[in-house]
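Here the structure comes first, spelled out in structure tokens, and everything after it is commentary.
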Amino acid sequence: MYTYTRDWDEFLADIEGQAIGEAWASPSSIEANFEFTGTRTWDEAHSLLTHGWREGRSKLAESTEFAKAVTRQGVSEAWQHAPAGAFPHVPAYCAGIAECMMTPPGEEQRTSLPIVTIAVNIGAAHFTSTSVMINRGAAIVALIDSIEAQGQRVELICCTRSILHNNGGPLDIRVTVKRADEHVDLDRIAFTMAHPSMLRRMKFRIMEFTLPDREYGYGTPADLHDDDFEHGTMYIPKFSHSRREQRDMYGTEEQAVQTVADMWEAARTEWQVANDELDEAV
């Protein structure tokens, strides 16, 4: 089994500094396939990685369902909303709410709340559309913003698992996109969660400098398991191999928001049941 686990800065350094292995002739990470990758060149994709996908950020933030998803969640009284404050609450601004600036709670109160870890599997079949990826990405950003607006801190992990056919085992990739002590960087999250080049250029490049032998087809996307993560991690699975299921889950903004909201509620219920069982055992 091969593993690649990095924080954001380490990941950027590897992408810039690691050479493609000798076994990888005509690497797919640099192919000029715009419809598949959403970028025309490797340099264009690399620029989005390092500077963020501002166009995608705009698509996410201007999404009607994105704004509704956050504002209808309600905000904890620990956060003060006003026309002026420490930093902007982007969905509220996009929804036209005047009191769109936020002042965070005291650090003592904030650090006393549990950290929510969200692991998102970006694995997808070749036919997965850009619109489906963007819809899911918008819903994930809405969820993160909602959780943090209620005073909790979120750690975001981008992950994939590839079943390998020429290298003797699966490859697990995990990149920490946002640490719990960082504010939401919409440009960065838009690229990692919603842009096809994160999967079809950056993930491919990791395989090209990690695996000793060429992996034709770049493996088969697979899901990780509950025991791959610590208790308290919300896991968002890879895109379904079924076109119909992809459309049902993420075909529209509204469907995507509902799908991710249902996953969040299921995770919270699971954590509560586990905590109740622990309390009874004690």
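The values are calculated or read from the model by the stated rules, or taken from the named source; none is laboratory data. Computed from a predicted structure; not experimentally measured. Here the Cβ positions follow ideal geometry from the backbone for every residue, glycine too, while neighbour counts run over all protein chains shown.
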> So which strands (runs of 3 or more DSSP E) are wholly in region 1-111 and hold at least 1 residues that are within 18 Å of Val184 (Cβ to Cβ) and at pLDDT 90 or above?
Replying inline: 2-7
> Can you find even one residue in region 217-234 that is acidic (Asp, Glu) and outside any helix (DSSP H, G or I)?
Replying inline: yes
> Counting only residues that are buried (at least 18 other Cβ atoms within 10 Å of the Cβ) and touching a strand residue (DSSP E or B) at 6+ places or on another chain (Cβ under 6 Å), how many does region 204-232 have?
Replying inline: 3
> Just a yes or no: is a residue in region 159-176 touching a Gly at 6+ places or on another chain (Cβ under 6 Å) and under 30 Å from Gln272 (Cα atoms)?
Replying inline: yes
> Taking Asp248, is it modelled with pLDDT under 95 and surrounded by fewer than 19 Cβ atoms within 10 Å (Cβ to Cβ)?
Replying inline: no
> What residue, among those in region 9-59 that are hydroxyl-bearing (Ser, Thr, Tyr) and without any contact (Cβ under 8 Å) to a residue 12 or more places away in the chain, is surrounded by the fewest Cβ atoms within 10 Å (Cβ to Cβ)?
Replying inline: Ser26
> Are any residues in region 140-187 free of Cβ contacts under 8 Å to residues at least 40 places away in the same chain and acidic (Asp, Glu), and if so, which ones?
Replying inline: Glu148, Asp181, Glu182
>> Residues that are of a type in the set (S, T, N, Q), modelled with pLDDT of 90 or more and either more than 17 Å from Trp53 (Cβ to Cβ) or over 16 Å from the mean Cα position of the chain (by Cα) (or both): does region 187-210 have at least one?
In response: yes
